[in-house]
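**Student:** Supplied in structure tokens, the structure appears directly below.
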Amino acid sequence: MQVSKDFEEAYRKHSDKIYRYVYMNTSDPYLSEDITGEVFLRIWKRWDSLRPDFMQALLYKTAKNIMIDYYRKKENGQKISLEDSLEKGWEPSYDEDLIEKINKDENLKKINKQINLLPENLREVVVLRFISDLSAKETAEILETTEVNVRVLQFRAIKKLKEVIKNGR
Amino acid sequence: MEDNNLENLIKEFKDAGATEGEAEEFAYLSKNLSNFYSFRRSTDVKDRFLRLLLKRKTVNFSRMAFISAMFSFLLFLGFSSTVFAQDSLPGEILYPLKRFSESLTAKVNPSFKSVILQRRSEEVNKLTSQNQSEHIDEAINDYEEELNENEKISKEAIDESKKNLEEAGKKVNDSELKDSIEKMLEDTEKREEDLDEDVKGNSSTKKDENSDHNDNENSQQDEDDVENLLEH
């Protein structure tokens with residue numbers, strides 16, 4: 001069916017980017033896979049009514065909402081939608097080789113730590129613009145701001161990151 | 001992503017106020033960052049996910065067929081069950097029936113999606129009255145999804161939704177929930193502005209930007225210190 005094919009194409013195209021985005025925010029490769037799965041599960045449920053030009057922004061916003069939800073509810077000891085999906089028989093699949101590689105990569109951990117030292121607004125731009133490799137326009141859509149603002153923020157972000165890296169020496 | 005080639009990045013940094021040297025340095029740092037995070041999950045993991053998910057959709061169709069039969073039975077018995085379901089809220093037994101009947105109606109009459117949006121806002125409002133915190137978050141997410149996904153929403157639905165959200169906002173004491181409802185209102189107002197612009201003929205001409213970009217497949221990490229990111 002064409003619908004499934006279109007979704008499959010979208011999943012293969014975007015899931016790694018979403019995974020990286022979530023990983024940058026959680027530093028947990030297992031949780032990142034769980035959340036990535038939950039993002040696409042939700043998107044699939046609504047696939048028929050999605051605006052195609054809005055899909056990429058929706059993926060990132062959904063990922064962000066799930067992460068916020070996750071941490072807030074975990075703090076309160078509440079069940080999260082992710083756990084709901086798991087209880088309903090959803091079985092996530094993990095790339096153990098990649099996870100091992102990520103966990104052993106001290107350089108990656110170091111740069112993660114340095115990026116996470118940036119103020120949140122600058123960190124978001126770095127993650128979306130240079131790690132997820134989105135355009136300024138796409139980044140602006142996700143952050144609900146203007147392209148001009150994204151370019152200003154990215155300049156400040158990279159400048160600040162350079163200082164953080166240098167101070168890390 | 002074409003946007004992110006070195007030349008464009010250098011230009012962007014210069015436009016933002018960087019000197020020539022700074023712009024070049026920052027552009028290289030940005031590119032190096034991108035390469036640093038180029039890891040990808042295996043094809044097996046993705047295949048497995050897709051198999052499970054698409055098989056699940058087939059199973060859901062069977063479930064939908066069962067619910068459809070149940071729905072027809074209820075209609076045969078009388079309107080009352082369906083009418084009663086329309087007042088149900090997230091967490092209640094008849095709520096899935098309400099959602100199912102909405103989706104059926106929307107398929108036949110796409111303009112019904114405006115009513116659906118309004119209902120989601122009513123649900124948020126009613127849940128705040130009942131102090132049902134475990135379902136409010138779900139209701140908020142559902143509202144946001146309806147707001148973002150539907151191309152055409154009537155002015156009336158937007159106005160009613162705003163009214164419901166304002167009422168809901170006045171009732172909550174929890175600051176986080178208050179913030180969430182505030183955000184919903186802001187998003188609704190923004191959507192209203194977008195719709196007004198569309199009506200005026202200023203269509204947003206966003207193209208589908210799902211074009212291929214330069215995902216660098218290089219999975220070999222630089223063994224040297226992270227500071228090498230600053231090197232060209």
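**Student:** Which ones in the range B:151-173 are more than 14 Å from B:Arg119 (Cα to Cα), outside any helix (DSSP H, G or I) and open to solvent by less than 80 Å² (accessible area, probe 1.4 Å)?
**Tutor:** B:Val172
Residue-wise test of (1) modelled with pLDDT of 50 or more; (2) more than 18 Å from the chain's Cα centre (by Cα).
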{"residue": "B:Gly169", "(1), (2)": "yes, yes"}
{"residue": "B:Leu185", "(1), (2)": "yes, no"}
{"residue": "B:Arg191", "(1), (2)": "yes, no"}
{"residue": "B:Asp198", "(1), (2)": "yes, yes"}
{"residue": "B:Lys207", "(1), (2)": "no, yes"}
{"residue": "B:Asp212", "(1), (2)": "no, yes"}
{"residue": "B:Asn216", "(1), (2)": "no, yes"}
{"residue": "B:Gln220", "(1), (2)": "no, yes"}
{"residue": "B:Glu227", "(1), (2)": "yes, yes"}
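**Student:** Additional query: Kindly indicate whether any position in the range A:85-103 is within 10 Å of another protein chain (Cβ to nearest Cβ), at pLDDT below 85 and either closer than 21 Å to A:Arg20 by Cβ or in contact with a strand residue (DSSP E or B) (Cβ under 8 Å, 6 or more places away or on another chain) (or both).
**Tutor:** Among the residues of the range A:85-103, at least one is within 10 Å of another protein chain (Cβ to nearest Cβ), at pLDDT below 85 and either closer than 21 Å to A:Arg20 by Cβ or in contact with a strand residue (DSSP E or B) (Cβ under 8 Å, 6 or more places away or on another chain) (or both), which makes the answer yes.
Every residue, every condition in (1) open to solvent by less than 50 Å² (accessible area, probe 1.4 Å); (2) free of Cβ contacts under 8 Å to residues at least 40 places away in the same chain; (3) part of a helix (DSSP H, G or I), yes or no:
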{"site": "A:Gln114", "(1), (2), (3)": "yes, no, yes"}
{"site": "A:Leu118", "(1), (2), (3)": "yes, no, no"}
{"site": "A:Leu122", "(1), (2), (3)": "yes, yes, yes"}
{"site": "A:Val126", "(1), (2), (3)": "yes, yes, yes"}
{"site": "A:Asp133", "(1), (2), (3)": "yes, no, no"}
{"site": "A:Ala140", "(1), (2), (3)": "yes, yes, yes"}
{"site": "A:Asn149", "(1), (2), (3)": "no, yes, yes"}
{"site": "A:Gln154", "(1), (2), (3)": "yes, yes, yes"}
{"site": "A:Leu161", "(1), (2), (3)": "yes, no, yes"}
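**Student:** For the range A:19-48, which residues satisfy the criterion of being of a type in the set (Val, Ile, Thr) and over 25 Å from B:Glu146 (Cα atoms)? Working first, answer last.
**Tutor:** Residues of the range A:19-48 that are of a type in the set (Val, Ile, Thr), as a first pass: A:22, A:26, A:35-36, A:39, A:43.
Within the range A:19-48, A:Thr26 is the sole residue that qualifies.
**Student:** Further question: Does B:Asn32 fit the bill of being at pLDDT 80 or above and either touching a His at 6+ places or on another chain (Cβ under 7 Å) or within 30 Å of A:Lys159 (Cβ to Cβ) (or both)?
**Tutor:** On the way: at pLDDT 80 or above: yes; either touching a His at 6+ places or on another chain (Cβ under 7 Å) or within 30 Å of A:Lys159 (Cβ to Cβ) (or both): yes.
So B:Asn32 passes the test.
**Student:** Something else about it: Mind listing whichever residues of the range A:25-59 are assigned to a helix (DSSP H, G or I), more than 23 Å from B:Arg51 (Cα to Cα) and more than 8 Å from every other protein chain (Cβ to nearest Cβ)?
**Tutor:** Those that are assigned to a helix (DSSP H, G or I), more than 23 Å from B:Arg51 (Cα to Cα) and more than 8 Å from every other protein chain (Cβ to nearest Cβ): A:Asn25, A:Thr26, A:Ala57.
The values are calculated or read from the model by the stated rules, or taken from the named source; none is laboratory data. Note that this is a predicted model, so its numbers are computed, not measured. Here Cβ is always computed from backbone atoms with ideal geometry, including for glycine, and neighbour counts include all displayed protein chains. With ligands, DNA and RNA removed, areas are computed over all heavy atoms of the protein, side chains included. Shrake-Rupley method; radii C 1.70, N 1.55, O 1.52, S 1.80 Å.
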